[in-house]
Amino acid sequence: MPKAKVNGVEVEFENGMTVLQVAELAGEEIPRFCYHERLSIAGNCRMCLVEVRPGPPKPQASCALPAADGQEIVTNSAMVKKAREGVMEFLLINHPLDCPICDQGGECDLQDQAMGYGRDATRFEENKRAVEEKHMGPLIKTVMTRCIQCTRCVRFVTEVAGAPELGMISRGENAEITTYLNSAVTSELSANVIDLCPVGALTSRPYAFNARPWELTKTSSIDVMDALGSAIRVDARGAAVLRVLPRTNDAVNEAWISDKTRYACDGLARQRLDRPLLRKGGKLTAISWNEALAEAARRLKATQPDRIGVIAGDLQDAESLKAAKDLFTGLGVSSLDGRPDGLVLGHGPRESWLFNPTLEGLEQADMVVLIGAHPKIEAAVLNARLRRLWLSGRTRFGAIGAPVDHGFGVEQLGEGGAALEALAAGKGDFAKALAKAERPVFILGQGALTRPDSAAVLAAAAKAAARIKLVREGWNGWAVLHTAAARVGALDLGFVPGPGGKAAAEILAKDGADLVFLLGVDEIELGETDAFVIYMGSHGDRGAHRADLILPGAAYTEKPGLYVNTEGRVQRGERAVFPKGEAKEDWTIFRALSAVLGAPLPYDDLDALRARLFADCPSFGRIDHAPGAVPAPLDLSGLGEPGPIADSPFVSPITAFHLTNPICRASVTMAECAGLVASAKMAAE
């Protein structure tokens, strides 16, 4: 490996690294504004100047200079110090004196680096320029007079988000960052530019002036807005969650989160269920916990087990699912279903419902087929990874489903079952190339897996997989893209109908059950059932509106919990604030209910519950482990007779990206975003 000296210390580095990266390998801190390790190199802020020998006797931008064997890099010479002071002085010529009132204060790179590398005076006396504010939508607040033209935001929306709606116009002192059409930025990842902005030019509009960073309690947790399990940090003050920020996790979300993950948090304070409610005379009336548990126990005892149905929703943690399963199977109930969307997977080997290549493992794929999947709205952060693969030119993409904007180039192979059957039969140029691929991947979305003919769709996909050897030694390209944070955990726990049990649709059919227990179920219609409905959840949404008895539960930021993402990675969410009012953690409600029923569950605290969970389902004990490309046989025999495939287009069940769960629907910010998208669609039509 090549070697270089950094301030006299010799370090080895890989070919292709820049001088900045080599200096950081040696432990030296290099200031920068425009450089970001996940964006292309711009080299326009000049803050990262260093001295390099051999080379011209002047400072050079280390971010854009390739490292070479035998180089001597000096980061602390008098020349470098003077050059950095000059660059900082230049950057501050037009920067306003807004620090006391700037919303970036305390988290501003310019502020920090001015203290560390700047001068205590300036030689410029000219008036500072002013720049008009730009309209970038309800999420991004702009004060463009503060902008230093680092172009991080431009490079992000163009390269990562795939929505080239920002750019720089004019030259010299008149240069400005603006939206091309003076309209809102529409990408589902748009607000990541707030994290990227090194000054206070782009800040969070919903969070503006709510708090200073030193006032906040910061909690590392896991996102539940989709099934990726993005690493997040929840910032709270007192009992209120004020913002959600991304944490870096290269294996899952890299350094990005979706706008929904970031901004739905204001919905945590609205439309909350904070006390038990019982419907009396057609009206929900507040009651005590003792009364609520007694009523639930009375109803359960009075109902035959085969007339009880239990359905788990999209946001449930594994602990609540485990407690619910233990309680109701102990009562003899076999009609349990954690798939309210109608998913037919859940029987057979675990690999049949996982994203087996893993999110990070997609980097190895050379051909990808999207089958009823629309990652741009189902898993926006994953879509950025797929776009990067497409930009690399190493991966060829095909899609079967209704034509949509994926944000990258996709060969449209057809819309429905006929196209999938043609792929399974090896017809067409794409199918022939797929047979020769070394690392092929099928990404199966909910648009193909939640249809009445999904068993047939899966059978055809499995036939195509067998033809091209999708599962082989060292590789498993079968990738199911779930959209609900609770789905894989429910399937892993076996939260599916037992012998003689009914699925969710059958439970909710007319005369399907006499008592229905809804565990955070808000995404399906409940109108036909005439059963007594007990609802446990955090928000007054669709499930609570239909309920006869409401047991208020905790939201995801208000409880510790385990979640399993779409690739089978078990992740730990943590409590940032306590539940609202009289609401309780879900598993504790089941524990208390079991005691009232006279059959207490065998755990009294969270540690005991998790020990039982790990013993009964060992995969939950492997925290932050993704199984990976295990070449397990693709066994779908548990689906029964597949039948014919309808040729209707595969369409994603998500019709509004910003309104996919009760927390989002309670969010004012998400409502504004959804309205903006709807207006844009109407204008386009």
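Looking at 511, 492, 453 in this structure, which one is open to solvent by 10 Å² or more (accessible area, probe 1.4 Å), closer than 16 Å to residue 314 by Cα and among the charged types (D, E, K, R)? Spell out how you get there, then give the answer.
Values: 511 fails: closer than 16 Å to residue 314 by Cα; 453 fails: closer than 16 Å to residue 314 by Cα.
492 is the lone residue from the list that is open to solvent by 10 Å² or more (accessible area, probe 1.4 Å), closer than 16 Å to residue 314 by Cα and among the charged types (D, E, K, R).
What are the residues in segment 198-225 that are charged (D, E, K, R) and open to solvent by 10 Å² or more (accessible area, probe 1.4 Å), if any?
Correct list: 205, 212, 215, 218.
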Open item on the list: Quick check on this structure: which one of 59, 54 is on the phi < 0 side of the Ramachandran plot and crowded, with 20+ Cβ neighbours inside 10 Å?
Closed with: 59
Task: The lone exception for residue 409 - which of (1) closer than 30 Å to residue 38 by Cα; (2) in a helix (DSSP H, G or I); (3) without any contact (Cβ under 8 Å) to a residue 60 or more places away in the chain; (4) in contact with a helix residue (DSSP H, G or I) (Cβ under 7 Å, 6 or more places away or on another chain) it fails - done: (2)
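Please go through segment 262-293 and pick out each residue that is of a type outside the set (Gly, Ala, Ser), in a helix (DSSP H, G or I) and more than 33 Å from the chain's Cα centre (by Cα). Even if it seems obvious, please write down each step before you answer.
Just the residues of segment 262-293 that are of a type outside the set (Gly, Ala, Ser), to begin with: 262-263, 265-266, 268, 270-280, 283-285, 287, 289-291, 293.
Retained after the next criterion (residues that are in a helix (DSSP H, G or I)): 262-263, 265-266, 268, 289-291, 293.
If the condition is that a residue be of a type outside the set (Gly, Ala, Ser), in a helix (DSSP H, G or I) and more than 33 Å from the chain's Cα centre (by Cα), then 289, 290, 291, 293 are the ones that fit.
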TODO: Within segment 107-137, count every residue that is under 30 Å from residue 671 (Cβ atoms) and in contact with a Pro (Cβ under 8 Å, 6 or more places away or on another chain).
DONE: 1
Task: Residues that are surrounded by 21 or more Cβ atoms within 10 Å (Cβ to Cβ) and within 15 Å of residue 534 (Cβ to Cβ), drawn from segment 301-315 - done: 308, 309, 310, 311, 312, 313
- [ ] Name, by its number, the condition in (1) surrounded by fewer than 13 Cβ atoms within 10 Å (Cβ to Cβ); (2) in a loop (DSSP other than H, G, I, E, B) that does not hold for residue 94.
- [x] (1)
- [ ] For residue 179, indicate whether it is more than 27 Å from residue 575 (Cα to Cα) and open to solvent by less than 20 Å² (accessible area, probe 1.4 Å).
- [x] yes
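Could you please give the count of residues in segment 451-463 that are touching a residue at least 60 places away in the same chain (Cβ under 8 Å) and assigned to a helix (DSSP H, G or I)?
Initial filter on segment 451-463 (touching a residue at least 60 places away in the same chain (Cβ under 8 Å)): 451-462.
From the residues that got through so far, the ones that are assigned to a helix (DSSP H, G or I) too are 454-462.
Summing the residues that are touching a residue at least 60 places away in the same chain (Cβ under 8 Å) and assigned to a helix (DSSP H, G or I) in segment 451-463 gives 9.
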TODO: Would you mind telling me which numbered condition in (1) in contact with an Asp or Glu (Cβ under 9 Å, 6 or more places away or on another chain); (2) open to solvent by less than 50 Å² (accessible area, probe 1.4 Å) residue 76 fails?
DONE: (2)
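Based on this model, can you work out whether residue 578 counts as touching a Leu at 6+ places or on another chain (Cβ under 7 Å), open to solvent by 20 Å² or more (accessible area, probe 1.4 Å) and of a type outside the set (Gly, Ala, Ser)? Walk me through it before giving the result.
Details: touching a Leu at 6+ places or on another chain (Cβ under 7 Å): no; open to solvent by 20 Å² or more (accessible area, probe 1.4 Å): yes; of a type outside the set (Gly, Ala, Ser): yes.
Answer is no for this residue.
From 401, 409, 372, 414, which residue is surrounded by fewer than 24 Cβ atoms within 10 Å (Cβ to Cβ) and on the phi > 0 side of the Ramachandran plot? Talk me through it step by step, then tell me what you get.
Values: 401 fails: surrounded by fewer than 24 Cβ atoms within 10 Å (Cβ to Cβ); 409 fails: on the phi > 0 side of the Ramachandran plot; 372 fails: surrounded by fewer than 24 Cβ atoms within 10 Å (Cβ to Cβ).
414 is the lone residue from the list that is surrounded by fewer than 24 Cβ atoms within 10 Å (Cβ to Cβ) and on the phi > 0 side of the Ramachandran plot.
Quick grid of which residues meet (1) of a type in the set (Gly, Ala, Ser); (2) modelled with pLDDT of 90 or more; (3) part of a helix (DSSP H, G or I):
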| position | (1), (2), (3) |
| --- | --- |
| 638 | yes, no, yes |
| 641 | no, no, no |
| 646 | yes, no, no |
| 652 | yes, yes, no |
| 658 | no, yes, no |
| 670 | no, yes, yes |
| 673 | no, yes, yes |
Open item on the list: I'd like to know if segment 25-35 contains one or more residues that are within 22 Å of residue 159 (Cα to Cα), out of contact with any helix residue (DSSP H, G or I) (no Cβ under 6 Å at 6 or more places or on another chain) and of a type in the set (Ser, Thr, Tyr).
Closed with: yes
TODO: Test each condition in (1) in a loop (DSSP other than H, G, I, E, B); (2) surrounded by fewer than 19 Cβ atoms within 10 Å (Cβ to Cβ) for residue 545 and report the one that comes out false.
DONE: (1)
Open item on the list: Restricting to segment 151-176, name every residue that is surrounded by fewer than 15 Cβ atoms within 10 Å (Cβ to Cβ) and on the phi > 0 side of the Ramachandran plot.
Closed with: 170, 172
- [ ] Within segment 8-63, track down each residue that is out of contact with any Pro (no Cβ under 8 Å at 6 or more places or on another chain), outside any loop (DSSP other than H, G, I, E, B), of a type outside the set (Asp, Glu) and closer than 22 Å to residue 88 by Cβ.
- [x] 20, 23, 52, 60, 61
Task: Of all residues in segment 581-609 being hydroxyl-bearing (Ser, Thr, Tyr) and part of a helix (DSSP H, G or I), the one that is least open to solvent (accessible area, probe 1.4 Å) - done: 594
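Per-residue answers, yes or no, for (1) more than 25 Å from the chain's Cα centre (by Cα); (2) farther than 29 Å from residue 357 by Cα:
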residue	(1), (2)
582	yes, yes
603	yes, yes
614	yes, no
621	no, no
652	no, no
657	no, no
668	no, yes
684	yes, yes
- [ ] Only residues that are open to solvent by 80 Å² or more (accessible area, probe 1.4 Å) and over 17 Å from residue 68 (Cβ atoms): list them for segment 25-46, please.
- [x] 29, 37, 46
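Run down 572, 612 and say which single residue is basic (Lys, Arg), over 23 Å from residue 292 (Cα atoms), in contact with a strand residue (DSSP E or B) (Cβ under 9 Å, 6 or more places away or on another chain) and surrounded by fewer than 24 Cβ atoms within 10 Å (Cβ to Cβ).
Details: 612 fails: in contact with a strand residue (DSSP E or B) (Cβ under 9 Å, 6 or more places away or on another chain).
None of the others qualify; the one that does is 572.
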Open item on the list: Anything in segment 515-566 that is acidic (Asp, Glu), at pLDDT 95 or above and over 19 Å from residue 264 (Cα atoms)? List them, or say none.
Closed with: 548
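Quick check on this structure: which one of 258, 230, 190, 288 is touching a Pro at 6+ places or on another chain (Cβ under 8 Å), buried (at least 24 other Cβ atoms within 10 Å of the Cβ) and either closer than 30 Å to residue 360 by Cβ or hydroxyl-bearing (Ser, Thr, Tyr) (or both)? Please lay out each step first, then the result.
Working: 258 fails: touching a Pro at 6+ places or on another chain (Cβ under 8 Å); 190 fails: touching a Pro at 6+ places or on another chain (Cβ under 8 Å); 288 fails: buried (at least 24 other Cβ atoms within 10 Å of the Cβ).
Of 258, 230, 190, 288, the one residue that is touching a Pro at 6+ places or on another chain (Cβ under 8 Å), buried (at least 24 other Cβ atoms within 10 Å of the Cβ) and either closer than 30 Å to residue 360 by Cβ or hydroxyl-bearing (Ser, Thr, Tyr) (or both) is 230.
The values are calculated or read from the model by the stated rules, or taken from the named source; none is laboratory data. These numbers come from a predicted model, not from an experiment. So basically every Cβ, Gly included, is an ideal-geometry build from the backbone, and we count neighbours across all protein chains shown. Quick note on the areas: whole protein, heavy atoms, side chains included, nothing else; ligands and nucleic acids left out. Shrake-Rupley method; radii C 1.70, N 1.55, O 1.52, S 1.80 Å.
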